[in-house]
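See below for the structure under consideration.
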């Protein structure tokens, strides 16, 4: 995808939290998946990181422990365990023109599981944070999720295809952040299935009892 085709980006608050290392694992993974293919957000992130570095230089120096230097040298000399690179596992080929984000490297992905007619999902297992709630959603053209809002924050990166949720259309490369203020119903547009990477903090709050039951079974 070309950067020019990306219409929806994360806000500076999210990018700043990413630059400062303050995002939890799941949203950081989804946000990183967007940044790696978006020149606009890469530049924004560089600006925010530079601003953060300048602020650190202006802070008053803090006193160190008497043994700080010895402890630092000891840590440098200690043998470092180098983790083996773990490839992304279990992911089938994507449609032409799409690719799996590099941010998923090292993760383990479950097989595609049935969620509803025309809808499948796979769970992303993050090795250093087993509690991270990250999902891949694969929904056929013309299908839609039930109307819902959110008990917390949901971040979504579109990997392939597009959906419209009543606010805007989100296509491959686009990023969406939804929270308790957003009540929507994503509908996959004609012509192609839609594949998204999503992090869910809290739960989706569906309108109907059937969708709520299905969501609880899936873990969303």
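Tabulated data for the structure shown
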quantity: Residue in the stretch 18-27 that is touching a strand residue (DSSP E or B) at 6+ places or on another chain (Cβ under 6 Å), in a helix (DSSP H, G or I), at pLDDT 90 or above and under 30 Å from residue 141 (Cβ atoms) present; calculated: yes
quantity: Members of the stretch 131-140 found to be surrounded by 16 or more Cβ atoms within 10 Å (Cβ to Cβ) and under 11 Å from residue 161 (Cβ atoms), listed by number; calculated: 137, 138, 139
quantity: Meets criteria (in contact with a helix residue (DSSP H, G or I) (Cβ under 7 Å, 6 or more places away or on another chain) and crowded, with 16+ Cβ neighbours inside 10 Å) for residue 116; calculated: no
quantity: Test: residue in the stretch 206-220 that is part of a strand (DSSP E or B) and either modelled with pLDDT of 85 or more or within 15 Å of the chain's Cα centre (by Cα) (or both); calculated: no
quantity: First in the stretch 109-125 and on the phi < 0 side of the Ramachandran plot and without any contact (Cβ under 8 Å) to a residue 24 or more places away in the chain, second anywhere and in a loop (DSSP other than H, G, I, E, B) and crowded, with 19+ Cβ neighbours inside 10 Å, Cβ under 8 Å, 6 or more apart; calculated: 125/107
quantity: Residue check, residue 180 over 20 Å from residue 131 (Cβ atoms), modelled with pLDDT under 90, part of a strand (DSSP E or B) and within 19 Å of the chain's Cα centre (by Cα); calculated: no
quantity: Options 81, 54, 85, 75: the member that is assigned to a loop (DSSP other than H, G, I, E, B), loosely packed, with under 12 Cβ neighbours inside 10 Å, over 23 Å from the mean Cα position of the chain (by Cα) and at pLDDT below 55; calculated: 81
quantity: Failed item in (1) over 15 Å from the mean Cα position of the chain (by Cα); (2) within 25 Å of residue 41 (Cα to Cα), with residue 140 passing the rest; calculated: (2)
quantity: Within the stretch 144-161, tally of residues that are assigned to a loop (DSSP other than H, G, I, E, B), at pLDDT below 95 and under 13 Å from residue 186 (Cα atoms); calculated: 3
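The values are calculated or read from the model by the stated rules, or taken from the named source; none is laboratory data. Just so we're clear, the structure is a prediction, and the values are computed from it rather than from any experiment. Reconstructed Cβ throughout: ideal geometry from the backbone, glycine too, with neighbour counts over all protein chains shown.
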